[in-house]
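Only one structure is covered here, and it is reproduced in the block below.
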Amino acid sequence: MKIAGKHYRSVWPIGEDAFGIIDQTKLPHELATLTLKTADDAAHAIKSMQTRGAPLIGAVAAYGLALAVRADPSDESLARTHDMLADTRPTAINLRWALQRVVDRLRNRERSERASLAWKEAAAIADEDAAMCESIGRHGLGIIRELAARKKSKLNILTHCNAGWLATVDWGTALAPVYMAHDEGIALHVWVDETRPRNQGASLTAFELGAHGVAHTIIADNAGGHYMQAGEVDLCIVGTDRVTANGDVANKIGTYLKALAAKDTGVPFYVALPSSTIDWTLASGRDIPIEQRSADEVLKMTGRTSAGTLATVEIAAPGSPAANPGFDVTPARLVTGFITERGVCAATEEGLRSLFPGHQK
Ligand code: MRU
């Protein structure tokens, strides 16, 4: 995607012994990039959320594993680094999916060829993610076109967290259809949930939409239900970190409440995902591990002061504890449909299998 006319991906190779990412902890105040040279660098970037979003952490982990293979192509190192990277974040399945792809690619291959194979596999994972997201955009565009034609005036779309190009390799999942609709001249406006506690909506989604010229308004997380009741939301689209075989959806904490409000008010609630986000091994969302994050994310906020420097301030009564689950699970019955790279389907096991046949439980 473009920022000030320059095309960016959110991860890119630098030769065959390093790769680059955008440091998302600096956005929206600064567009800084980082060069990662080891698997430990990649693990740190994922853990500290310099890089984030389910599909993107998959691609970053794959590049990290490929760097470790270059340093030591042995089976022992491969297994150790795989486990180290897989442990960085628990909820998004793409991380494990991407690491497994690299491991599978190297099975029974000579040590001498492993580094090059691993690097190529990481690059393929990144390229395929960009292609899948572009395809998600085209399928979601159909939904937006239809709603816009029916409404005949500006369409209001609500999204939660960041499921734009910063959360993937390019395009995004939930935002890909929005960008395509905007580019073909459909009048639309996006309600951006700020997405406490880390504010991915306010700091990342709003940044992306603004850079692309899409009209948007940041709202407090609690405001979405109000706008839905007022008839000011025509469509919700969110991303996801893991969809189980029955269609349950793990996504950033607060997604469930938006889906409930959408159901109550009759607003269509779509989830956009590449097939790498489907966990066919889990029967339902009850079994998805939910990341528990630091209480500090709830008790403190970081932002730019009027002097232009970044500062972190405490916002709670001193001594009060805080709980911070990073994700929640939206039951499939609250989801209108899935927008995938192969088309739109019902949020059911049958729906998923109609587009992706042949997966074992
Ligand atoms: O904790 P984060 O910022 O990695 O969470 C990201 C989300 O929840 C996104 O909505 C999800 O990964 C979908 S990304 C296309």
Excluding same-chain residues fewer than 8 positions from residue 2, which lysines have a Cα within less than 23 Å of its Cα?
26
So for R0 = 35 Å, FRET eff. of residue 116-residue 183 from the Cβ-Cβ r, to 0.05, ends up at 0.40
Order of 74, 153 under a 10 Å beta carbon neighbour criterion, fewest first:
153, 74
Taking the chain as the reference, fit the longest principal axis to its C-alpha atoms, fit the long axis of helix 111-151 to the helix C-alpha atoms, and give the angle between the two in degrees, 0 to 90, nearest 10.
10 degrees
³J(HN,Hα), Karplus 6.51/-1.76/1.60, whole Hz, each residue of region 331-345, x for Gly, Pro
x, 4, 5, 8, 9, 5, x, 9, 9, 10, 5, 9, x, 9, 9
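Hey, fewest Cβ within 10 Å first, where do 12, 97 land in order? If you can, show how the numbers build up before the last one.
On the way: 12 15, 97 22.
Ascending number of Cβ neighbours within 10 Å: 12, 97.
If R0 is 45 Å, what FRET efficiency do you get for residue 31 and residue 350 from their C-beta distance, rounded to 0.05?
Details: r = 44 Å, r/R0 = 0.97.
Once the sixth-power term is evaluated, E becomes 0.55.
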Evaluate the charge dipole of the chain about its Cα centre and quote only its size in Debye, nearest 20, assuming +1 on the Cβ of each Lys and Arg and -1 on the Cβ of each Asp and Glu.
460 debye
Please report the relative contact order for region 2-129, taking Cα pairs under 8 Å with a sequence separation of at least 6, and give it as a percent rounded to a whole number.
23 percent
Return the distance in nm (one decimal) between the two label points of a simple spin-label model at residue 292 and residue 150, each offset 7 Å from Cα along Cα→Cβ.
4.3 nm
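Full extension from residue 109 to residue 72: what is 0.36 nm times the residue separation minus their Cα-Cα distance, to one decimal in nm?
Details: separation 37, 0.36 × 37 = 13.32 nm, distance 1.40 nm.
Residue separation times 0.36 nm, minus the Cα-Cα distance, leaves 11.9 nm.
Give the percent of DSSP beta bridges with both residues in region 142-355 that are antiparallel, rounded to the nearest 5. Write out the running numbers ahead of the final one.
On the way: 16 of 35 bridges.
Counting DSSP beta bridges with both partners in region 142-355, the antiparallel share is about 45 percent.
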Amide hydrogen neighbours beyond the local backbone of residue 218, cut-off 5 Å, H modeled
192
Kindly provide the Kirkwood hydrodynamic radius of the chain in Å, to one decimal, from all pairs of distinct alpha carbon atoms.
20.7 Å
May I ask for the angle, rounded to the nearest 10°, between helix 54-71 and the longest principal axis of the chain, with both axes built from Cα atoms and the value confined to 0 to 90°?
10 degrees
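Just add up the charged neighbours of residue 179: K/R +1, D/E -1, any other residue whose Cβ is under 13 Å from the Cβ of residue 179.
On the way: positive: 2, 138; negative: 134, 170, 183, 184, 208.
Charge balance near residue 179 sits at -3.
Normalising by the residue count of the chain, find the relative contact order in percent from Cα pairs under 8 Å and 6+ residues apart. Walk me through the intermediate numbers first.
Working: 761 pairs, mean separation 56.2, N = 361.
Taking the mean separation of contacting Cα pairs over the length of the chain, I get 16 percent.
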Helix 75-86 sits at what angle to the longest principal axis of the chain, using alpha carbons and giving 0 to 90 degrees rounded to 10?
20 degrees
Residues 345, 133 in order from fewest to most other beta-carbon atoms within 10 Å are 345, 133
One finds the C-alpha centres of region 300-324 and region 1-78 to be spaced, in Å, by 27 Å
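Report the far tail of the P(r) of region 82-203, meaning the percent of Cα-Cα pairs longer than 20 Å. Numbers along the way, then the final one.
Values: 4185 of 7381 pairs.
That tail contains 57 percent of the Cα-Cα pairs.
Every read-out reported here was derived from the displayed coordinates using simple, explicitly stated rules and does not represent laboratory data. Please read these numbers as outputs of a predicted model, since none were measured by experiment. Using ideal geometry, Cβ is built from the backbone for each residue, glycine included, and neighbour counts are taken over all protein chains shown.
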